[in-house]
Amino acid sequence: MERQKETTTPVRPRLGIFKFTSCDGCQLSILNLEDDLLTLGQVLDISYFPEASSDMRAGPYDIALVEGSITTPEDTHRILSVREQAKVLITIGACATAGGIQALRNWADVEAFKRVVYPNPQYIESLTASTPISEHVRVDFELWGCPIDRGQLLRLLTDLSAGVQSRLPSHPVCVDCKRRGIVCVMVAKGIPCLGPVTRTGCGAICPGMGRDCYGCFGPAEGSVLGPGVPPNTASLAKQFHHGLQLIPVEVLRRFRGINGSVKPFREESQVWERLGRDE
Amino acid sequence: MAEEKHKARTIAINTIARVEGEGALRVTVTDGLVQDVELRIFEPPRFFEAFLQGRHYDEVTDIVARICGICPVAYQMSAVHALEQIFGVEVTGSLRDLRRLIYCGEWIESHALHVYMLQAPDFLGYDSGIAMAKDHADMVTRGLRLKKAGNAIMTLLGGRSVHPVSVKVGGFSRVPRRRELEGLKDELLWARDAAVATVRWVAGFEYPDFLPDSLFVALRASGEYPFNEGQIVSSNGLQISATEFERHFAEQQVSYSNALHCTLHGSPYLVGPLARLNFNHDHLSPLARQILAGTGLTLPLRNPFHGIIARSVEILYALEESLRLIELYDPPPSPSVAVVVRPGSGTACTEAPRGILYHRYRVDADGIIREAKIVPPTSQNQGRIEQDLRLFMPRLLNLPDKEAALACERVIRCYDPCISCATHFLRLEIERE
């Protein structure tokens, strides 16, 4: 294959896309850019993206997108090397940003899992906890969601390429429901919805489909009280329990899901775990 | 051509590219003979079956979707069918049709991604679909638009294409209006023509002459190409219901992989588009049958490299089927049927893009999952990938390591392995009094 000399082409920022423990859904969201994918390939030099390309070039990278959480001893070393090679490191998705659904193991005895589950557990290397990338290395930007929103990713990459500081909204999903004119599923149908405490980003997909939000984008931040204020999970949990008659273990399960290991959700689930034991 | 210089030689691929998830290959050759072929799936285990224990049955679809971003509908479909079997729920009529339709969307999206972005570059000599676009912009653009058409179906019915949110036991949380579905028609008609062109395009590729002995396994349903229902059939005469799956299929752990190997009566076998097409070509739409016949290929297809043709024929079929289902659509009186929880066990097998996907659940009287077992298609194909590599290797032995490794990768990609899927199944055998 002939290769054109790139003397006239301006230097494009080099992009690397890395995968740790995950379902590939966030990387697929990149491929799902469809209309913009080829443009992205022209604007950025996609230097490392094994999911889509056999052309795997070494760093340094201007931007590293990291999907997946850290769950093996080998992962803990590999993420250091990714960090070293990357100018800007962005986590994409709930696994990389919060530990993901596999962080449910953090409440369990993983060694016991392995013994029960594999005939030869000694072959299986797996850490007892699934941890977000930020627990291991410095992270420059976190993109929430399970999966991430393509629009948010595109906006972030565009801002970065233009040297603009990116800001993404972090208000609760509830606001999006009001904007879209979606009837509240909790008020109208009595379904326990995490919308009041969950970060925006999806566009209120679940209430729009007639069901509860289950917290894909993690805890919302900021409120009428000001930026950085954590969501009022305690109030919502009480409403689930007293208003909607959920028993404590059901309240626990609501918070212990896709983003169950993030502080506001984790702590709320633990409150209801204790309440369940006391009952 | 080099003489037999490789006394002992190892061909290694540390990261298999253009597959979903993380895998590696190690082949050892001594005195010109292939010794070991190890497909190593080092994608870490994610313990999904364990997570499902103790969750309420209506949470299962949201959890199992996370096993795979590429084929979440397959996981949701096998799960709801297994759970509905326990509760004695029957989903019929237009709700059943909508399940078929969302599955069509997933096949189109997943197959188009594989055909255009992951596998076609192997035949045309590029590292990726994006690199291929420099010389074949029209082709790549067509592939991406086809993929988008599949995603559009999933998004309309499921809210989004990665991890859809509307599928539930008993039906959906919301069903579309007639005119919403009709809004898809123009694009699907374009996509149908593009799919015809796709079959012709890939049928013109140059294929290695490679015909390994093949044991095929797929679903076979009466009167229709299989998605959600059917008997499990094999080319050596097996014909069973999903309930009997574990009596015939068994998983073994191998030291070098985090995925279990599944065999049929001890033999490796092939699931996926090639197997499906071989058993079900009589149920293709007339157009798909005609276009397939136009390729000049005779069935059964045994060359694993022809998987890309089978996948393209299935894209065409799924588009025809989508258009048919949209034409038929009469919105159901309710988006789901009532479910009354009762304890018990249930199994189901559906046709994921990569082949049959088996689920089994045990539920207690409160609707809480007590046990779950999931056998994904890639664990089933692993043994076959290794076997076929072993057969294909002798013709690569005179190549330098790098080229031999590239050729091995091409073989592996024929099976469209989804490694993320393959590491989430664990055998959980818990006896409780």
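All of (1) without any contact (Cβ under 8 Å) to a residue 24 or more places away in the chain; (2) more than 14 Å from chain A (Cβ to nearest Cβ) hold for B:Leu39 with one exception: (1). Residues in the range B:121-132 that are over 17 Å from A:Tyr48 (Cα atoms) and either of a type in the set (Asp, Glu) or buried (at least 23 other Cβ atoms within 10 Å of the Cβ) (or both): B:Asp122 alone. Suppose the filter is more than 7 Å from every other protein chain (Cβ to nearest Cβ) and closer than 18 Å to A:Val139 by Cβ; does A:Ser47 pass it? No.
Reported count of residues in the range A:14-40, each being touching a residue at least 24 places away in the same chain (Cβ under 8 Å), over 20 Å from B:Glu22 (Cβ atoms) and of a type in the set (Asp, Glu), is 1. Please indicate, with yes or no, whether at least one residue in the range A:25-41 is in a loop (DSSP other than H, G, I, E, B), farther than 22 Å from A:Asp140 by Cβ and open to solvent by 20 Å² or more (accessible area, probe 1.4 Å). Taking every residue of the range A:25-41 in turn, none turns out to be in a loop (DSSP other than H, G, I, E, B), farther than 22 Å from A:Asp140 by Cβ and open to solvent by 20 Å² or more (accessible area, probe 1.4 Å).
Based on what the data block shows, is B:Arg26 touching an Asp or Glu at 6+ places or on another chain (Cβ under 9 Å), farther than 18 Å from B:Pro164 by Cα and either more than 14 Å from every other protein chain (Cβ to nearest Cβ) or free of Cβ contacts under 8 Å to residues at least 12 places away in the same chain (or both)? Judged against the criteria, B:Arg26 is a match. Filtering the range B:374-409 to residues that are surrounded by fewer than 22 Cβ atoms within 10 Å (Cβ to Cβ) and in contact with a Leu (Cβ under 7 Å, 6 or more places away or on another chain) leaves B:Glu386, B:Ala404, B:Ala407.
Output the residues belonging to the range B:206-220 that are open to solvent by less than 60 Å² (accessible area, probe 1.4 Å) and either more than 30 Å from B:Gly88 (Cβ to Cβ) or of a type in the set (Asp, Glu) (or both).
Within the range B:206-220, the first condition is being open to solvent by less than 60 Å² (accessible area, probe 1.4 Å), and the residues that meet it are B:207-208, B:210, B:212, B:214-219.
Selection gives B:Tyr207, B:Pro208, B:Phe210, B:Pro212, B:Ser214, B:Leu215, B:Phe216.
The residue of the range B:144-179 that is farthest from the chain's Cα centre (by Cα), among those that are part of a helix (DSSP H, G or I), closer than 18 Å to A:Asp24 by Cβ and in contact (Cβ under 8 Å) with a residue 60 or more places away in the chain, is B:Gly158. A:Leu104: out of contact with any Cys (no Cβ under 7 Å at 6 or more places or on another chain), within 23 Å of B:Pro164 (Cβ to Cβ) and of a type outside the set (Val, Ile, Thr), yes or no? In short, yes.
Filter the helices (runs of 4 or more DSSP H) completely within the range B:369-433 down to those with at least 3 residues that are at pLDDT 85 or above. Spell out how you get there, then give the answer.
Details: elements: B:377-392, B:401-414, B:419-422.
Of the helices (runs of 4 or more DSSP H) lying wholly inside the range B:369-433, those with at least 3 residues that are at pLDDT 85 or above span B:377-392, B:401-414.
Restricting the range B:42-61 to residues that are surrounded by 24 or more Cβ atoms within 10 Å (Cβ to Cβ) and over 15 Å from B:Ala372 (Cα atoms), the residue that is farthest from the other protein chains (Cβ to nearest Cβ) is B:Glu43.
Can you tell me which residue within the range A:64-78, out of those that are crowded, with 23+ Cβ neighbours inside 10 Å and of a type outside the set (D, E, K, R), is nearest to the other protein chains (Cβ to nearest Cβ)? Looking at the filtered set, the residue picked out is A:Thr71.
Take the conditions within 13 Å of chain B (Cβ to nearest Cβ) and open to solvent by 30 Å² or more (accessible area, probe 1.4 Å) and apply them to A:Cys216. Does it pass?
Values: within 13 Å of chain B (Cβ to nearest Cβ): yes; open to solvent by 30 Å² or more (accessible area, probe 1.4 Å): no.
No, not satisfied.
A count restricted to the range B:96-116 and to residues that are more than 17 Å from B:Leu219 (Cβ to Cβ) and open to solvent by 10 Å² or more (accessible area, probe 1.4 Å) stands at 1. Among the residues in the range B:169-191, are any in contact with a Cys (Cβ under 6 Å, 6 or more places away or on another chain) and not acidic (Asp, Glu)? No: the range B:169-191 contains no residue that is in contact with a Cys (Cβ under 6 Å, 6 or more places away or on another chain) and not acidic (Asp, Glu).
If you go through the range A:27-41 one residue at a time, how many are within 7 Å of another protein chain (Cβ to nearest Cβ) and of a type outside the set (Asp, Glu)? Break it down into steps so the answer makes sense when it comes.
Kept after step one, since they are within 7 Å of another protein chain (Cβ to nearest Cβ), are these residues of the range A:27-41: A:28-29, A:31-32, A:34, A:37-38, A:41.
Next, from what is left, pick out any that are of a type outside the set (Asp, Glu): A:28-29, A:31-32, A:37-38, A:41.
Selection size over the range A:27-41: 7.
Is there a residue in the range A:170-190 that is in contact with a Lys or Arg (Cβ under 6 Å, 6 or more places away or on another chain), closer than 24 Å to B:Pro176 by Cβ, in contact (Cβ under 8 Å) with a residue 24 or more places away in the chain and surrounded by 15 or more Cβ atoms within 10 Å (Cβ to Cβ)? Checking the range A:170-190: not a single residue is in contact with a Lys or Arg (Cβ under 6 Å, 6 or more places away or on another chain), closer than 24 Å to B:Pro176 by Cβ, in contact (Cβ under 8 Å) with a residue 24 or more places away in the chain and surrounded by 15 or more Cβ atoms within 10 Å (Cβ to Cβ).
Filter the range A:82-95 down to residues that are within 13 Å of chain B (Cβ to nearest Cβ) and open to solvent by less than 10 Å² (accessible area, probe 1.4 Å) and give me whichever is nearest to A:Val66 (Cα to Cα). Write out each step before concluding.
Just the residues of the range A:82-95 that are within 13 Å of chain B (Cβ to nearest Cβ), to begin with: A:92-95.
From what is left, the residues that are open to solvent by less than 10 Å² (accessible area, probe 1.4 Å) are A:92-94.
Details: A:Ile92: 6, A:Gly93: 9, A:Ala94: 11 Å.
Among them, the one singled out is A:Ile92.
Return the residue satisfying two criteria in turn: it lies in the range B:180-205 and is outside any helix (DSSP H, G or I) and out of contact with any helix residue (DSSP H, G or I) (no Cβ under 7 Å at 6 or more places or on another chain), and of such residues it is surrounded by the fewest Cβ atoms within 10 Å (Cβ to Cβ). Break it down into steps so the answer makes sense when it comes.
Residues of the range B:180-205 that are outside any helix (DSSP H, G or I), as a first pass: B:183-184, B:204-205.
Keeping just the survivors that are out of contact with any helix residue (DSSP H, G or I) (no Cβ under 7 Å at 6 or more places or on another chain) gives B:183, B:204.
Working: B:Gly183: 14, B:Gly204: 9.
Once the filter is applied, the top-ranked residue is B:Gly204.
Where helices (runs of 4 or more DSSP H) sit wholly within the range A:108-205, those with at least 2 residues that are over 30 Å from B:Lys373 (Cα atoms) occupy A:150-161, A:173-180, A:185-189.
Sub-6 Å Cβ pairs linking a first residue in the range B:122-143 that is more than 8 Å from chain A (Cβ to nearest Cβ) to a second residue that is of a type in the set (Phe, Trp, Tyr) and crowded, with 22+ Cβ neighbours inside 10 Å, at least 6 apart or interchain, are B:Gly143/B:Tyr116, ordered by first then second residue. Of the residues making up the range B:221-245, just one is of a type in the set (D, E, K, R) and surrounded by 15 or more Cβ atoms within 10 Å (Cβ to Cβ), namely B:Glu229.
Can we say B:Val34 is surrounded by 24 or more Cβ atoms within 10 Å (Cβ to Cβ), more than 8 Å from chain A (Cβ to nearest Cβ) and hydrophobic (A, V, I, L, M, F, W, C)? Before you say what the answer is, go through the steps one by one.
On the way: surrounded by 24 or more Cβ atoms within 10 Å (Cβ to Cβ): no; more than 8 Å from chain A (Cβ to nearest Cβ): yes; hydrophobic (A, V, I, L, M, F, W, C): yes.
Against the criterion (surrounded by 24 or more Cβ atoms within 10 Å (Cβ to Cβ), more than 8 Å from chain A (Cβ to nearest Cβ) and hydrophobic (A, V, I, L, M, F, W, C)), B:Val34 does not qualify.
Pairing each residue of the range B:235-249 that is without any contact (Cβ under 8 Å) to a residue 60 or more places away in the chain with any residue that is surrounded by 14 or more Cβ atoms within 10 Å (Cβ to Cβ) and part of a helix (DSSP H, G or I), provided the two are 6+ apart or on different chains, yields C-beta distances under 7 Å for B:Leu238/B:His248; B:Ile240/B:His248.
Mind listing whichever residues of the range B:218-261 are within 30 Å of A:Pro121 (Cα to Cα) and more than 14 Å from chain A (Cβ to nearest Cβ)?
Matches in the range B:218-261: B:Ala242, B:Thr243, B:Glu244, B:Phe245, B:Glu246, B:Arg247, B:His248, B:Phe249.
Within the range A:225-279, the set of residues being away from chain B (no Cβ under 14 Å), surrounded by 16 or more Cβ atoms within 10 Å (Cβ to Cβ) and of a type in the set (D, E, K, R) comprises A:Arg266, A:Glu268.
The values are calculated or read from the model by the stated rules, or taken from the named source; none is laboratory data. Because the structure is predicted, anything quoted here is derived from the model rather than measured. Please note: Cβ atoms are built from the backbone with ideal geometry, for glycine as well, and neighbour counts cover all protein chains shown. Remember, those area values only see protein heavy atoms, side chains included, never the ligands or the DNA or RNA. Shrake-Rupley method; radii C 1.70, N 1.55, O 1.52, S 1.80 Å.
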